[in-house]
Amino acid sequence: MPEFWSVYLPEPWNLVAAGVVAAAALFGYIGISTFFAIWAERKVSARIQDRLGPTRVGPFGLLQSLADGIKLISKEDVAPAGADRFLFKLAPYLAFCAAFCGFLALPFGKGLVALELNIAAFFMLAVLSSEVFGVVLAGYASANKWSLFGGVREAAQVVSYEVPRAMCVVIPVCVAGTLNLNLIGQQQTGWFWNWNLFHDPFTFVAFFIFFICATASCKRAPFDLAEAESELVAGFHTEYSGIRWSYFFLAEYGSMFAVSGLASLLFLGGWHTGLLPFEPSEVWGFWWGNLLNAAVFIGKCWLLVGVMMWMRWSLPRLRIDQVMMTCLQYFLPISCGLLVGVCLWLLLVPAGAAEVVRYALALGTAGFLLTLIVSLFRYPPMSAPRGQLPGAWDGVRTPLTIQIK
Amino acid sequence: MSLPVVLFALLATVTAVSALGVVLSRNVVRMAVWLLFTLIGVSLLYLLLGAEFVGAAQLIVYVGGTLVLLVFGVMLTAQGPLRELRTPAAQLVVGGILGAILVSLLIVVSYHIVLPNPPEQDKLPGVASLGLAFLGVTETNPPAALTGLPEGTRVARTPVAYLLPFEIVSVHLLVVLIGAAYLARAKRRVQS
């Protein structure tokens, strides 16, 4: 990027221009992703709860987030009388800055990264773990006991879940032998059995543990104890309104996309489709190859974010003691065991056996997913005549149907 | 003025001003926030110097861990006298004198240090050599000459590995962890 600008601008200014363009592109990416993710969240929740969701604004309600945004900008920006005004105003920006800085080290394709760091995986962990600070400060500065409870819960939860999350990052890093996310992505070029997910049984399990811990550290349901509506009004953002409130949501969706990107780079082959046995940006030219790479990478991020939404609207919220117990009694020992296991696997298992296990895992998973998808289409959708129930209650009359003459 | 100098001046100003904020503010949580900016400034200085690993470690240890625990503790405990700290005049005087002595010492020493020789290769060593040194591989010493010594002294550099210190620190941390878990365990009442 600086090399490109050095044609047009002298020495320090090409660096400045490259930085500004990269930051603007990342900001735009986070903004547009959040725009559509909020729409998708409402649609997903609506469909899961047998509703329609937003339909009025634009086709399929796609512009709902725009309407919401206009409403949020035009709302009054109030702070409670007892609040620490400086910290109250600062907190949303701190939360957003942490989520934004995570994207600096995230490659969207081969070399398609704002800042190529040798320790990108470690840097992302460090930056994403400081997002909690904004939430804790918001909880403190609001001068509201519900907010304070939310902030304290968030601090306890994130500090605990950080440990198994970091352990699960170390597992694919052990396999790859580098912390550079760009190199980790390049090592997984080719068919999908080259992905770190299928390297051995330990990385396979580590992906799921990582994904759950990442969900918890993004304070997403079923781990959204910091904003548990049924107990704490709205938790740490009870007192926020208007544009500051929306910054918290920008931070939440930003960190969801950041951890999903980290998960897809570390485990799911990064920007590779898994169905092309070469690196697209080297064979199909710079623009087409990188366009495909970025599209595949963003698609994988959306897939993982979609799973997070699916989990959010399907599972009930845990209690705070259950959240802490899940982390400290289960995830922490499991991730320690996985780390030891992957080290022993790399040292002891002969190459031939490792290859067999790799193909078995990859093809088994692919076969399982294919059968799942086929079985979704094999049966016709459940339907029942009017006034009766479908499925296991076949033939039973429902008392809820309104009789229309 | 090159770009690194401008960036350094900016970062150093921000870090120093927020360090002053830590000292001068009265509210404990405000102090923690100023400390947050100081620590982030220091980690950015490391990143500016090319020490990526140290910068990220600074962030994850101090910002993500220590400072969050600090604010957590303050929020749980701070009430009345602890939330508003008023420094007595005597402490201000003693602290000011100690700070002035430290600053003058640092200035004097920094004028005596000769400028470091630029290393042979321009590329900075990655984090891999650090990890290998922790595992006891001795061939990972940086090739450049030692800097910061008075002019004329030559120090022969012996190959050093850090396996023993690393292990000692690791075992120490493990002992601390087990001790903390022991202290925080659920206490059962003795049946009498």
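Quick look at the values:
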read-out	value
Of residues in the range A:191-217 being among the β-branched types (Val, Ile, Thr) and under 25 Å from residue A:348 (Cα atoms), the one surrounded by the fewest Cβ atoms within 10 Å (Cβ to Cβ)	A:205
Any hit, the range A:225-238, residues being out of contact with any Gly (no Cβ under 6 Å at 6 or more places or on another chain), assigned to a helix (DSSP H, G or I), modelled with pLDDT of 85 or more and aliphatic (A, V, I, L, M)	no
Residue within the range A:141-155 that is farther than 30 Å from residue A:292 by Cβ, assigned to a helix (DSSP H, G or I), away from chain B (no Cβ under 11 Å) and within 19 Å of the chain's Cα centre (by Cα) present	no
Every residue from the range A:179-190 that is buried (at least 20 other Cβ atoms within 10 Å of the Cβ) and within 12 Å of chain B (Cβ to nearest Cβ)	A:179, A:180
Residue in the range A:277-290 that is assigned to a helix (DSSP H, G or I), aromatic (Phe, Trp, Tyr), out of contact with any Phe, Trp or Tyr (no Cβ under 6 Å at 6 or more places or on another chain) and closer than 28 Å to residue A:45 by Cα present	no
Scan of the range A:114-162 for residues that are touching a Ser or Thr at 6+ places or on another chain (Cβ under 6 Å) and surrounded by fewer than 24 Cβ atoms within 10 Å (Cβ to Cβ), ordered by number	A:144, A:146, A:162
Residue ID - modelled with the lowest pLDDT, chosen from residues in the range A:81-127 that are of a type outside the set (A, V, I, L, M) and in contact with a Phe, Trp or Tyr (Cβ under 6 Å, 6 or more places away or on another chain)	A:109
Hits in the range B:38-72 - residues which are within 29 Å of residue A:148 (Cα to Cα), over 12 Å from the mean Cα position of the chain (by Cα) and crowded, with 19+ Cβ neighbours inside 10 Å	B:64, B:67, B:68, B:71, B:72
Meets criteria (in contact (Cβ under 8 Å) with a residue 40 or more places away in the chain and under 21 Å from the mean Cα position of the chain (by Cα)) for residue A:185	yes
Where a residue in the range B:1-29 is assigned by TED's automatic domain parsing to the domain that holds residue B:50 and its partner, wherever it lies, is surrounded by 13 or more Cβ atoms within 10 Å (Cβ to Cβ) and among the basic types (Lys, Arg), with Cβ under 8 Å and at least six apart	B:21/B:30; B:27/B:83; B:28/B:83; B:29/B:83
Residue A:297 being aromatic (Phe, Trp, Tyr) and free of Cβ contacts under 8 Å to residues at least 12 places away in the same chain	no
Residue list for the range A:4-41, filter: within 14 Å of chain B (Cβ to nearest Cβ) and not in a helix (DSSP H, G or I)	A:6, A:9, A:10
Residue list for the range B:56-74, restricted to those being at pLDDT 80 or above, at the interface with chain A (Cβ under 7 Å from one of its Cβ atoms) and touching a Ser or Thr at 6+ places or on another chain (Cβ under 7 Å)	B:59, B:60, B:63
Subset of the range A:201-230 [in contact (Cβ under 8 Å) with a residue 24 or more places away in the chain, among the charged types (D, E, K, R) and closer than 19 Å to residue A:144 by Cα]	A:224, A:227
Residues within the range A:218-236 that are surrounded by fewer than 24 Cβ atoms within 10 Å (Cβ to Cβ) and not charged (D, E, K, R), tallied	7
Residue satisfying all of: in the range B:1-51; within 12 Å of chain A (Cβ to nearest Cβ), among the hydrophobic types (A, V, I, L, M, F, W, C) and outside any helix (DSSP H, G or I); farthest from residue A:122 (Cα to Cα) among these	B:1
Residue satisfying condition, being out of contact with any strand residue (DSSP E or B) (no Cβ under 9 Å at 6 or more places or on another chain), closer than 15 Å to residue A:131 by Cβ and within 14 Å of chain B (Cβ to nearest Cβ), within set A:176, A:214, A:166, A:251	A:166
Lone unmet requirement of (1) at pLDDT below 70; (2) away from every other protein chain (no Cβ under 14 Å) for residue B:88	(1)
Neighbours by Cβ (under 7 Å, 6+ apart or cross-chain): first from the range A:139-150, without any contact (Cβ under 8 Å) to a residue 24 or more places away in the chain; second of a type in the set (A, V, I, L, M, F, W, C) and in a helix (DSSP H, G or I)	A:148/B:75
Per-region count, the range A:82-130, residues assigned to a loop (DSSP other than H, G, I, E, B) and facing another protein chain (nearest Cβ under 9 Å)	5
Unmet criterion (only one of (1) under 12 Å from the mean Cα position of the chain (by Cα); (2) surrounded by 14 or more Cβ atoms within 10 Å (Cβ to Cβ)) for residue B:14	(1)
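Rundown of residues vs (1) in contact (Cβ under 8 Å) with a residue 60 or more places away in the chain; (2) under 30 Å from residue A:140 (Cβ atoms); (3) hydrophobic (A, V, I, L, M, F, W, C), yes/no style:
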{"site": "A:21", "(1), (2), (3)": "no, no, yes"}
{"site": "A:27", "(1), (2), (3)": "yes, yes, yes"}
{"site": "A:33", "(1), (2), (3)": "yes, yes, no"}
{"site": "A:39", "(1), (2), (3)": "no, no, yes"}
{"site": "A:45", "(1), (2), (3)": "yes, no, no"}
{"site": "A:72", "(1), (2), (3)": "yes, yes, yes"}
{"site": "A:77", "(1), (2), (3)": "yes, yes, no"}
{"site": "A:97", "(1), (2), (3)": "no, yes, yes"}
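Yes or no, residue by residue, for (1) modelled with pLDDT of 70 or more; (2) over 23 Å from the mean Cα position of the chain (by Cα):
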{"residue": "B:99", "(1), (2)": "yes, no"}
{"residue": "B:104", "(1), (2)": "yes, no"}
{"residue": "B:113", "(1), (2)": "yes, no"}
{"residue": "B:117", "(1), (2)": "no, yes"}
{"residue": "B:124", "(1), (2)": "no, no"}
{"residue": "B:149", "(1), (2)": "no, no"}
{"residue": "B:186", "(1), (2)": "yes, yes"}
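Let's see how each residue does on (1) surrounded by 12 or more Cβ atoms within 10 Å (Cβ to Cβ); (2) not in a loop (DSSP other than H, G, I, E, B):
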| residue | (1), (2) |
| --- | --- |
| A:305 | yes, yes |
| A:313 | yes, yes |
| A:357 | yes, yes |
| A:373 | no, yes |
| A:384 | yes, no |
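The values are calculated or read from the model by the stated rules, or taken from the named source; none is laboratory data. Here the structure is a predicted model, which means the values were calculated and not measured. Cβ coordinates were reconstructed from backbone atoms using ideal geometry, including for glycine residues, and neighbour counts include every protein chain displayed.
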